[in-house]
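Report on the structure given below.
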Amino acid sequence: MHYAEIKYYDIANGPGVRVSLFVSGCTHKCPGCFNEIAWPFDYGKAFTEKTEDEILTALEDESYQGLTLLGGEPMEPQNQKGLLPFIRRYKEKFPEKDLWCFTGYLYDRDLLGWMSDKLPETKELLSYMDVLVDGEFKQELKDVTLLYKGSANQRTIDVKKSRAAGSIVLWDPGDDITVSKTSHL
């Protein structure tokens, strides 16, 4: 697997301060995609154990709320194989930090459907995810006022609650409000 970019101290791709990993490779090729450069699977740098270690070391900083996967397309079958060992390490080391994923695939039709049937990685990756933004970017539905998504057809899904309910539960931004620690002077 390759990656296009790693953004440290990212505040645009999920709540709080995050590390965002932009994987390479996407077969959706949505017109108007903001990251078209990352469509080829061999774009960027190889995702190595050293890269994983650098991200995990950075995430030791208490200011990080979590990790975001986007791309390219993290849920492409070959990218799932590359991401799963890393995500296992991440959740083992940081069970309190969240995991967000942006995908053009649909949660119910694709991820819970044919992917879960054909790819053993899909179910396990979903078990680690907290929030999934799904659906291809649609230029005709582009809306810059949407929180953490680019077009009105995309859904921000609370994966943990959806799995428990057996149906899609949308993420509520109010659920991620955290109380900051203050020191007494």
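The values are calculated or read from the model by the stated rules, or taken from the named source; none is laboratory data. A quick note: this is a predicted structure, and the numbers were derived from the prediction, not measured. Note that we place each Cβ from the backbone using ideal geometry, even for glycine, and neighbour counts take in every protein chain shown. All accessible areas refer to the heavy atoms of the entire protein, side chains included, with ligands and DNA or RNA removed. Shrake-Rupley method; radii C 1.70, N 1.55, O 1.52, S 1.80 Å.
Per the listing Trp114, Trp100, the residue uniquely among the aromatic types (Phe, Trp, Tyr), surrounded by 18 or more Cβ atoms within 10 Å (Cβ to Cβ) and not in a loop (DSSP other than H, G, I, E, B) is Trp100.
Just one of (1) under 21 Å from Arg18 (Cα atoms); (2) outside any helix (DSSP H, G or I); (3) open to solvent by less than 80 Å² (accessible area, probe 1.4 Å); (4) not hydroxyl-bearing (Ser, Thr, Tyr) fails for Pro95. It is (3). Of the numbered criteria (1) assigned to a strand (DSSP E or B); (2) among the hydroxyl-bearing types (Ser, Thr, Tyr); (3) open to solvent by 60 Å² or more (accessible area, probe 1.4 Å), the one Thr57 fails is (1). Scan segment 60-81 for residues that are surrounded by fewer than 19 Cβ atoms within 10 Å (Cβ to Cβ) and either modelled with pLDDT under 95 or out of contact with any helix residue (DSSP H, G or I) (no Cβ under 8 Å at 6 or more places or on another chain) (or both) and the total you get is 5.
Scanning segment 165-185 for residues that are of a type in the set (A, V, I, L, M, F, W, C) and either surrounded by 17 or more Cβ atoms within 10 Å (Cβ to Cβ) or at pLDDT 95 or above (or both) yields Ala165, Ile168, Val169, Leu170, Trp171.
Residue under question is Gly150, and the condition is that it be among the small types (Gly, Ala, Ser) and at pLDDT 95 or above; does it hold? It is false that Gly150 is among the small types (Gly, Ala, Ser) and at pLDDT 95 or above.
Within segment 43-77, being under 16 Å from Cys101 (Cα atoms) and of a type in the set (S, T, N, Q) holds for Gln65, Thr68. Going through (1) under 24 Å from Leu106 (Cα atoms); (2) in a strand (DSSP E or B) one by one, Phe41 falls short only on (2). Which residue pairs have Cβ atoms closer than 6 Å, lie 6 or more positions apart in sequence or on different chains, and pair a first residue in segment 1-12 that is in a strand (DSSP E or B) with a second residue that is surrounded by fewer than 19 Cβ atoms within 10 Å (Cβ to Cβ) and of a type in the set (Asp, Glu)? These pairs meet every condition: His2/Asp42.
Filtering segment 44-51 for residues that are surrounded by 14 or more Cβ atoms within 10 Å (Cβ to Cβ), basic (Lys, Arg) and touching a Ser or Thr at 6+ places or on another chain (Cβ under 8 Å) leaves an empty set. The residue that is farthest from Lys149 (Cα to Cα), counting only those in segment 21-38 that are β-branched (Val, Ile, Thr) and not in a helix (DSSP H, G or I), is Thr27.
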